[in-house]
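Bear in mind these aren't lab numbers, they're just calculated from the coordinates by the rules spelled out. Note that the coordinates shown come from a computational prediction; the quantities given were computed from them, not determined experimentally. Counting neighbours? That spans all protein chains shown, and the Cβs are built from the backbone with ideal geometry, glycine included.
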Amino acid sequence: MATTIITKEQWAESERFIAKLKEDNARFAIKNGRTRLAHTETYGCQQNVNDTERIRGMLSEAGFEFTDDAENADFVIYNTCAVRENAEQKVFGRLGILKHLKETHPDLIVAVCGCMVQQEHICEKIRKVHNHVDLIFGTHALYRMPELLYRTMQEKKTVVDITDSDGSISEDIPILRDKEEKAWVSIMYGCNNFCTYCIVPYVRGRERSRKPQDIINEIKELVAGGTTEISLLGQNVNSYGKDLDIDIDFADLLRIVNDIEGVKRIRFMTSHPKDLSDKLIYTMRDCDKICKQLHLPLQSGSDKILKEMNRHYTKEQYIAIVDKVKKEIPEITLTTDIIVGFPTETTEDFEETLKVLEYVRYDSIFSFIYSRREGTPASKLDFVLSDDEIHKNFDRMLQVQNQICLEKNLEYKDRIEEVLVDGVSKTDKNMLSGRTDGGKIVNFTGDESLKGKYVKIKITNPKQWSLEGELI
Ligand code: 5AD
Ligand code: SF4
């Protein structure tokens, strides 16, 4: 399928509605003596966080201000995730609460957007069970939000746009970001892999890469605003460029970003093992700004399950990649995603996964219990294990990995690490928190003015989930 780039005309149309919203908001402010407030909530992955930044960018241009408290808002929007059922449950829970809020604030406008509503059965459910939702739009209609919101406000009836286009990229949508020193930059959208358990290709569409020049311009702008750490984002960054009509791959893009003045750290996510080339490994090794951190989802260590998941690699091939990465970049920090309880998984299959964890010794893992997603091929399979057995396996895996995490962190004792300071630690208000090149969290005592700076820290007290150290 071809990639549609939103045309200048289409975006100009959206801008026309941003201007109309702005006028309406100005009238509201005069009448009520205050500005209209929007409240945004994001579920799921970094891509969604990035989309919400664009939603906030458009709302800000339309004259909205923001509130962290839904109760004070005139417009509440949930940007949703469909990857697992529990993310959907959370949104349904929130919508239930908003129903009561709307009884006391009848002018409140409620919107649900993103991956969850791109699925027709979910959209139907919202319309039936939560008919207080005023606006529903899917991932492909993001750029049309100003028009949809304006129509919702004018027409006072539910507006829905979950059209399934072949996907679109708009380079013009304004963006309002939260953090300054670190930023995520989408380099591509969608996914072509159709892992049998996964809903993403259905709700996000096929892979489409942004043009290198657009990415470079965005990064240069970020750097000019004080950002030094750039995380390149895509469902499978290793296939970047395959759909472009110029000759460029992900490793080439990394080198270009590495050459941008002012960028200090480059991270990227996510890498599909089947597309991870030697060229990429050498590029990571040779470019000094690329962080020595690799997130390489394994999903399962059983060849039978990997095949049924449509992952296109075997356990042996995966391990060969890891061996190569470790050989070329000995200081590499490795993380992964694991699914426990894929329908046909037996406990023997699960034990194959444990063996890989013990062999690779990841710095940390993101582990998930399989969640059935309607419309995916795996949703038609029968389960071999009971819920109880799956949960027992899951707990066993956590135990194994927790021990590995601790042992890996203990290796950091007395090391000196460069840390980019994020700010006050979330777990201990008396400490600052930041990340090493490898992405490990480091807590230490220091002045808040260090936020956004790179400091050298001696690790004094490695813990299971983080490192503690002292400024040197
Ligand atoms: N159930 C459980 N985990 C899933 N993931 C994707 N789809 C599912 C599902 N249906 C996990 C994969 C992926 C991560 C982002 O979410 O491990 O890498
Ligand atoms: Fe889902 Fe697989 Fe694509 Fe990742 S690579 S988004 S798991 S289909």
(request) Diagonalise the Cα gyration tensor of segment 292-410 and give the resulting equivalent ellipsoid semi-axes, square root of 5 times each eigenvalue, largest first, whole Å. (result) 25, 16, 11
(request) Take peptides 331-341, 215-225, 121-131 and line them up by average Cβ neighbours within 10 Å, highest first, as a rough protection proxy. (result) 331-341, 215-225, 121-131
(message) Taking 2.2 N^0.38 Å as the expected size of a compact globular protein, what ratio does the Cα radius of gyration of segment 362-428 give against it, to two decimals?
(response) 1.70
(request) Would you mind checking which residues have amide H under 5 Å from residue 415's amide H? H placed 1.01 Å from N; only 5 or more apart, or other chain. (result) 459
(message) For a test of the definition: using alpha carbon positions, the gyration tensor, and the 1.5 limit on a/c, classify segment 4-168 as rounded, prolate or oblate.
(response) oblate
(request) List the extent of the Cα atoms of segment 88-245 along each of their three principal axes, largest first, rounded to whole Å. (result) 48, 39, 27
(message) In segment 181-290, if the dipole is taken from +1 on Lys/Arg beta carbons and -1 on Asp/Glu beta carbons about the Cα centre, which of 198, 282, 240 is farthest to the positive end?
(response) 198
(request) Can you figure out the FRET efficiency of residue 65 with residue 348, using R₀ = 56 Å and their beta-carbon distance, to the nearest 0.05? (result) 0.50
(request) Give me Rg over Rh for segment 181-290, both radii from the alpha carbons and Rh done the Kirkwood way, two decimal places. (result) 0.97
(message) Which order do the peptides 104-117, 350-363, 135-148 come out in when sorted by mean C-beta neighbours inside 10 angstrom, highest first?
(response) 135-148, 104-117, 350-363
(message) Suppose each label sits 7 Å from its Cα in the direction of the beta carbon; what would the residue 156-residue 221 distance come out to in nanometres?
(response) 3.8 nm
(request) Write down, largest first, the equivalent ellipsoid semi-axes of the chain in whole Å, where each equals the square root of 5 times an eigenvalue of the alpha-carbon gyration tensor. (result) 37, 28, 23
(request) Among 383, 344, 299, flag the residue with its Cα farthest along the positive direction of the charge dipole of segment 298-387, charges on Cβ as +1 for Lys/Arg and -1 for Asp/Glu. (result) 299
(message) Can you compute the helix-only [θ] at 222 nm over the chain? Use -39500 (n - 2.57) per DSSP H run of at least 4 residues, normalise by all residues, nearest 500 deg cm²/dmol.
(response) -12000 deg cm²/dmol
(message) Please list, in order along segment 269-279, the HN-Hα scalar couplings obtained from phi with the Karplus expression 6.51 cos²θ - 1.76 cosθ + 1.60 (θ = phi - 60°), rounded to whole Hz, x for Gly and Pro.
(response) 6, 10, 9, 8, x, 5, 10, 7, 8, 4, 4
(request) Compute the label zone of residue 331 within segment 401-418: residues whose backbone N is under 18 Å from the point 7 Å along Cα-to-Cβ. (result) 408-418
(request) Assuming a ≥ b ≥ c are the square roots of the Cα gyration tensor eigenvalues, decide whether segment 138-188 counts as rounded (a/c under 1.5), prolate (otherwise, with a/b larger than b/c) or oblate. (result) oblate
(request) Find how much the distance from residue 255 to residue 125 grows on full extension, using 0.36 nm per residue of separation minus their present alpha carbon separation; answer in nm with one decimal. (result) 42.2 nm
(message) 5 Å is the cut-off here: which amide hydrogens, built 1.01 Å from N in the peptide plane, fall below it relative to residue 293, excluding neighbours closer than 5 in sequence?
(response) 333
(message) Report the gain in length on full extension from residue 274 to residue 16: 0.36 nm times residue separation, minus Cα-Cα distance, nm rounded to one decimal.
(response) 88.5 nm
(request) Pull the list of the chain cysteines that no other Cys approaches to under 4.7 Å, Cβ to Cβ. (result) 45, 81, 113, 115, 123, 191, 287, 291, 405
